[in-house]
Amino acid sequence: MKPSTLQLFISRAILIIFVINFVALGFADTVNAAGKTGKDQVVQLINSSDQDALTLVNDLAKQPIDSLIKWISEFKDFKGDDPVGEVTWKIHAISDTLNAPYYLYVPTGYNPNNPTPLMVWLHGGVSRPVFSDEDSTLIEHPIIQQAETNGMLLLFPLAKIGCLWWDETGIANVLWQIRVTKRQYNVDDDAVFIGGFSDGASGSFFIAMLSPSDFAAFFPWSGHMAVGSLVGRIPVFVPNLTCRPLYVTNGGADRLYPADKMTPLIQLAIDNGSELHFTAYDTAGHNYGYMQYEWIPYAKRTQLIRRNALRPHIYWETTTTKYGGCDWLEITTLDTTREAEAWYKDVNYTL
């Protein structure tokens, strides 16, 4: 049967994304589906020029659609060899002067033949001059226990001033870690989740409104929807929360972000059509006390929820093409004829 124009477009788009993301990360030796191009040639092409890289993609895109999709979807050559059941310390060399540490946990039941959910946990207390040393107590962290019990891979990035959940360096750092983990382990692309407590929750909100494409759902526990934008000075838009489900929790006695103070923003998101589920624990403070009641629904949600990256309708707002879209929608040009406004100077919302 002759493929339709839509089939050709989708297969070509999948292939382009696969080559650009995976070859750049070291999967060059797997890009030989056409039987013509080996590792050295692929690396040379990708590193030479955009035009040569496009030529390679065009060549591979001429292969039968079904075989290309089968090759990509059934790829199993994952090289991750970190010990299971242990927290492994890793490093991301962002620049000559910035090395960002992070941790990876591989559950004991991990099988490289099976697509595995991935949880990204954003810690709190990020306004510090250096990266924290979480290693001594991390294995006892409840999110580690949940990863083991639920058979999930776990990424535990670290943040500090200059590499926060709400600045460009910090966001790029988190997304880089996800991509490297996908190169090493069989991650289910449609079962990547992100959440955290306090600043980690605020960071989850921020990424949900700025760069949600990698994720299936967000879990902000005891955070504030506006913190990332106001502190990071990067505009975000509440209607963007319609792109992913969020499971939001705050305590009624929280000294920083009490539930009743969060309700107007939560209601604003719901009124704009967001799939936002809000739970208020009336007597809970700004601590992990109520989390014992959250782990069961969290486990059920991460087992059931899967990303739908081909939804027919996407609404997206942005002030920069750097964060210009979600899933298949991309805003490539902005109207710059109007003078930029210092939008944050007029914000009077009290944190």
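The values are calculated or read from the model by the stated rules, or taken from the named source; none is laboratory data. Since the structure is predicted, the reported quantities are computational estimates derived from the model, not experimental observations. Neighbour counts are summed over all protein chains in view; Cβ atoms, including those assigned to glycine, are modelled from backbone coordinates with ideal geometry. Just the protein is used for accessible areas: all its heavy atoms, side chains included, with ligands, DNA and RNA removed. Shrake-Rupley method; radii C 1.70, N 1.55, O 1.52, S 1.80 Å.
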**Message:** If Thr97 meets every condition in (1) β-branched (Val, Ile, Thr); (2) more than 26 Å from Asp167 (Cα to Cα); (3) open to solvent by 80 Å² or more (accessible area, probe 1.4 Å) apart from one, which number is that one?
**Reply:** (2)
**Fill in**
Counted residues in the range 220-237 being crowded, with 23+ Cβ neighbours inside 10 Å and among the hydrophobic types (A, V, I, L, M, F, W, C) come to 3
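Here are some residues: Ser204, Ser198. Which one is closer than 23 Å to Tyr290 by Cα and open to solvent by 10 Å² or more (accessible area, probe 1.4 Å)?
Checking each option against the conditions leaves just Ser198.
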**Message:** Among (1) of a type in the set (Gly, Ala, Ser); (2) within 18 Å of Leu118 (Cβ to Cβ); (3) not in a helix (DSSP H, G or I), there is one condition Ala253 misses while meeting the rest; what is its number?
**Reply:** (2)
**Prompt:** Right, Val106: within 25 Å of His286 (Cα to Cα), among the β-branched types (Val, Ile, Thr), buried (at least 23 other Cβ atoms within 10 Å of the Cβ) and touching a residue at least 24 places away in the same chain (Cβ under 8 Å) or not?
**Reply:** no
**Message:** Among the listed residues Ser211, Ser229, Ser198, Ser222, identify the single one that is of a type in the set (Gly, Ala, Ser) and at pLDDT below 95.
**Reply:** Ser229
**Message:** Please determine whether any residue of the range 57-69 is modelled with pLDDT of 75 or more, charged (D, E, K, R) and either open to solvent by 60 Å² or more (accessible area, probe 1.4 Å) or under 30 Å from Glu148 (Cα atoms) (or both).
**Reply:** yes
**Request:** Scan the range 159-181 for residues that are surrounded by fewer than 21 Cβ atoms within 10 Å (Cβ to Cβ), over 14 Å from the mean Cα position of the chain (by Cα) and either more than 15 Å from Thr97 (Cβ to Cβ) or among the charged types (D, E, K, R) (or both) and jot them down.
**Result:** Lys160, Asp167
**Item:** Residues of the range 301-313 classified as more than 15 Å from Gly195 (Cα to Cα) and either at pLDDT 95 or above or open to solvent by 80 Å² or more (accessible area, probe 1.4 Å) (or both), total
**Value:** 8
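Against the definition (open to solvent by less than 60 Å² (accessible area, probe 1.4 Å), more than 16 Å from Cys163 (Cα to Cα) and within 19 Å of the chain's Cα centre (by Cα)), how does Ile72 come out, yes or no? Walk me through how you get there before you give the answer.
Details: open to solvent by less than 60 Å² (accessible area, probe 1.4 Å): yes; more than 16 Å from Cys163 (Cα to Cα): yes; within 19 Å of the chain's Cα centre (by Cα): no.
Spelling it out, it is not the case that Ile72 is open to solvent by less than 60 Å² (accessible area, probe 1.4 Å), more than 16 Å from Cys163 (Cα to Cα) and within 19 Å of the chain's Cα centre (by Cα).
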**Prompt:** Does at least one position in the range 257-268 carry a residue that is touching a Lys or Arg at 6+ places or on another chain (Cβ under 7 Å) and modelled with pLDDT of 95 or more?
**Reply:** no
**Message:** Which residue is modelled with the highest pLDDT, if the candidates are limited to the range 118-150 and must be small (Gly, Ala, Ser) and surrounded by 17 or more Cβ atoms within 10 Å (Cβ to Cβ)?
**Reply:** Ala147
**Prompt:** If you go through the range 238-259 one residue at a time, how many are touching a Gly at 6+ places or on another chain (Cβ under 7 Å) and either closer than 16 Å to Trp166 by Cα or open to solvent by 30 Å² or more (accessible area, probe 1.4 Å) (or both)?
**Reply:** 3
**Request:** Could you list all residues from the range 220-237 that are in a strand (DSSP E or B) and without any contact (Cβ under 8 Å) to a residue 60 or more places away in the chain?
**Result:** Pro220
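Quick check: is even one residue across the range 275-282 open to solvent by 40 Å² or more (accessible area, probe 1.4 Å), in a loop (DSSP other than H, G, I, E, B) and in contact (Cβ under 8 Å) with a residue 24 or more places away in the chain? Before the answer, list the steps.
Step one: filter the range 275-282 for residues open to solvent by 40 Å² or more (accessible area, probe 1.4 Å), giving 275, 277-282.
With the extra rule that they be in a loop (DSSP other than H, G, I, E, B), the set shrinks to 275, 282.
From the residues that got through so far, the ones that are in contact (Cβ under 8 Å) with a residue 24 or more places away in the chain too are 275, 282.
Yes; the residues of the range 275-282 include at least one that is open to solvent by 40 Å² or more (accessible area, probe 1.4 Å), in a loop (DSSP other than H, G, I, E, B) and in contact (Cβ under 8 Å) with a residue 24 or more places away in the chain.
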**Asked** Quick one: is Asn240 polar (S, T, N, Q), outside any helix (DSSP H, G or I) and either in contact (Cβ under 8 Å) with a residue 24 or more places away in the chain or touching a helix residue (DSSP H, G or I) at 6+ places or on another chain (Cβ under 7 Å) (or both)?
**Response** no
**Item:** Failed condition for Ala217, given (1) open to solvent by less than 10 Å² (accessible area, probe 1.4 Å); (2) over 17 Å from the mean Cα position of the chain (by Cα)
**Value:** (2)
